[in-house]
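The values are calculated or read from the model by the stated rules, or taken from the named source; none is laboratory data. If you're wondering where the values come from, they're calculated on a predicted model, not measured in any experiment. Methodologically, a virtual Cβ is constructed for each residue, glycine included, from the backbone with ideal geometry; neighbour enumeration extends over all protein chains shown.
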Amino acid sequence: MKIGIGNDHVAVEYKEAITAYIQEKYGYEVVNFGTDSTERFDYPIAGEAVADAVMSGEVDRGIVICGTGVGISLAANKVRGIRCCTCSEPYSARLSREHNNTNMLAFGARVVGIELAKMIVDAWLTGEFEGGRHQRRIDMIRQIEARQLVRAEEARGWWRAFCMSRVG
């Protein structure tokens, strides 16, 4: 398995520790999409980069880390097809895989200690999607995404028509 990892300036040490942990414990390849510097770095850049890599198949799953995990997960979730869950404990991480088939995990470097972060990662990496009634809900989420895409296209069409009417 190949895991994408991304972070902002707050979470450089966490990214390094989690990368080493995943490589040592699971033998997975970890691809870095975050910053290696503690200089200010905007978390949406890393969140989108990891999400794009997940959706393109460059990596199998993604982990993103910022101060709280919230901002970077919001950015990742803007990419169509991403289901990124911010977790501060292992139970939610495991259930996010079992029930929601999450393809990305987020947590906060200012919220959880590194040992708890490792437990969260373990629960998430070993969780298996149960399917069944949960698949119906995943399909509903995909339907929401599809409706939003249609609405966005309709809005763009309306805007083009409006602009053209103003020109002529």
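In the range 128-156, of all residues being outside any helix (DSSP H, G or I) and either of a type outside the set (Asp, Glu) or modelled with pLDDT under 90 (or both), the one that is nearest to ASN101 (Cα to Cα) corresponds to PHE129.
Every residue in the range 84-96 that is in a loop (DSSP other than H, G, I, E, B) and over 12 Å from the mean Cα position of the chain (by Cα), please. Residues satisfying the conditions are SER88, GLU89.
Taking the numbered list (1) crowded, with 18+ Cβ neighbours inside 10 Å; (2) among the hydrophobic types (A, V, I, L, M, F, W, C); (3) not in a loop (DSSP other than H, G, I, E, B) in turn, LEU74 passes all entries but (1). Of the residues in the range 23-33, at least one is under 21 Å from GLY113 (Cα atoms) and among the aromatic types (Phe, Trp, Tyr).
Among the criteria (1) in contact with a strand residue (DSSP E or B) (Cβ under 7 Å, 6 or more places away or on another chain); (2) part of a helix (DSSP H, G or I); (3) within 19 Å of ASP60 (Cα to Cα); (4) of a type outside the set (Val, Ile, Thr), the one ALA117 does not fulfil is (3).
Criterion first (in contact with a Phe, Trp or Tyr (Cβ under 7 Å, 6 or more places away or on another chain) and at pLDDT 95 or above) does LEU125 satisfy it? Answer is yes for this residue. Once the range 97-114 is narrowed to residues that are under 9 Å from the mean Cα position of the chain (by Cα) and part of a loop (DSSP other than H, G, I, E, B), the residue that is surrounded by the fewest Cβ atoms within 10 Å (Cβ to Cβ) is ASN103.
Could you look through the range 18-69, keep only residues that are assigned to a helix (DSSP H, G or I) and either of a type in the set (D, E, K, R) or outside the structural domain of VAL112 (by TED's automatic domain parsing) (or both), and pick out the one that is surrounded by the fewest Cβ atoms within 10 Å (Cβ to Cβ)? Don't jump to the end; show me each part of the working.
Narrowing the range 18-69 to residues assigned to a helix (DSSP H, G or I): 18-26, 43-56.
Next, only the ones that are either of a type in the set (D, E, K, R) or outside the structural domain of VAL112 (by TED's automatic domain parsing) (or both) stay: 24-25, 48, 52.
Values: GLU24: 9, LYS25: 12, GLU48: 19, ASP52: 17.
If we take residues in the range 18-69 being assigned to a helix (DSSP H, G or I) and either of a type in the set (D, E, K, R) or outside the structural domain of VAL112 (by TED's automatic domain parsing) (or both), then GLU24 is surrounded by the fewest Cβ atoms within 10 Å (Cβ to Cβ).
Among the residues of the range 44-61, are any without any contact (Cβ under 8 Å) to a residue 60 or more places away in the chain and more than 18 Å from ILE82 (Cβ to Cβ)?
no
All of (1) over 12 Å from the mean Cα position of the chain (by Cα); (2) part of a loop (DSSP other than H, G, I, E, B) hold for GLY81 with one exception: (1).
If we keep just the residues of the range 131-168 that are acidic (Asp, Glu) and under 20 Å from the mean Cα position of the chain (by Cα), which is surrounded by the fewest Cβ atoms within 10 Å (Cβ to Cβ)? This residue is ASP139. Which of the residues belonging to the range 1-17 are among the acidic types (Asp, Glu) and crowded, with 19+ Cβ neighbours inside 10 Å? Scanning the range 1-17 gives a single hit, ASP8.
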